[in-house]
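Heads up: the structure comes next, in structure tokens.
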Amino acid sequence: DKPRAQAINWRQVIARLGELDEATARELLELYIDDTRPKLKQLARAIDSRDSGQLRLVGHELKGASDHVVSNEQARVAGKPEEQGQAGITNDAYQYMMGLEQEFDRVLEMERMDLSAFIFWSKAQEV
């Protein structure tokens, strides 16, 4: 059976790296978490201060990081603050911040999991 919807797109990661073991997967996960946590705080500050330029910049950074590692849903949601910042709109950004936090919580859950099952399932889907 397919494991619960993955917060990390392991198939995409495997396609980019060519091979993936649990130690490398855990390192990628930790790097993503360490990079994303402060960016979410920056995004919240940009929203609070109605700084559309910062909203665009941090949204772009989150989208880029998310596109390389996490699920397509996270990358899609991460792109919304960038779009809002480009348009100079800051009042709707809170809804996207909540979505990003929910998706990030799913990534944090994976920190406590045995990643080998996810990796095995992802590799099996390539066959």
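The values are calculated or read from the model by the stated rules, or taken from the named source; none is laboratory data. This is a predicted model, so every value here is computed, not measured. Glycine also receives a Cβ, built like all others from the backbone with ideal geometry; neighbour counts cover every protein chain displayed. Areas reflect the complete protein model, heavy atoms only, side chains present, ligands, DNA and RNA absent. Shrake-Rupley method; radii C 1.70, N 1.55, O 1.52, S 1.80 Å.
Taking segment 24-49 as the range and being surrounded by 13 or more Cβ atoms within 10 Å (Cβ to Cβ), aliphatic (A, V, I, L, M) and without any contact (Cβ under 8 Å) to a residue 60 or more places away in the chain as the test, the residues that pass are Leu28, Leu43, Ala44, Ala46, Ile47.
Filtering Arg4, Arg16 for residues that are over 11 Å from Ala65 (Cβ atoms), at pLDDT below 75 and open to solvent by 60 Å² or more (accessible area, probe 1.4 Å) leaves a single hit, Arg4. Taken over segment 71-127, residues that are of a type in the set (S, T, N, Q), more than 14 Å from Ile8 (Cα to Cα), open to solvent by 20 Å² or more (accessible area, probe 1.4 Å) and at pLDDT below 85 amount to 2.
Might you check whether a residue that is at pLDDT 90 or above and of a type in the set (D, E, K, R) occurs anywhere in segment 53-60? Yes, the conditions are met somewhere in segment 53-60. Restrict the check to segment 86-103 and report whether at least one residue is in a helix (DSSP H, G or I), among the acidic types (Asp, Glu) and touching a residue at least 60 places away in the same chain (Cβ under 8 Å). Yes, there is a match, as at least one residue in segment 86-103 is in a helix (DSSP H, G or I), among the acidic types (Asp, Glu) and touching a residue at least 60 places away in the same chain (Cβ under 8 Å). Scanning segment 28-51 turns up no residue that is modelled with pLDDT under 90, of a type in the set (A, V, I, L, M, F, W, C) and not in a helix (DSSP H, G or I).
Would you confirm whether any residue within segment 50-65 is surrounded by 16 or more Cβ atoms within 10 Å (Cβ to Cβ) and in contact (Cβ under 8 Å) with a residue 40 or more places away in the chain? So far as segment 50-65 goes, no, none of its residues is surrounded by 16 or more Cβ atoms within 10 Å (Cβ to Cβ) and in contact (Cβ under 8 Å) with a residue 40 or more places away in the chain.
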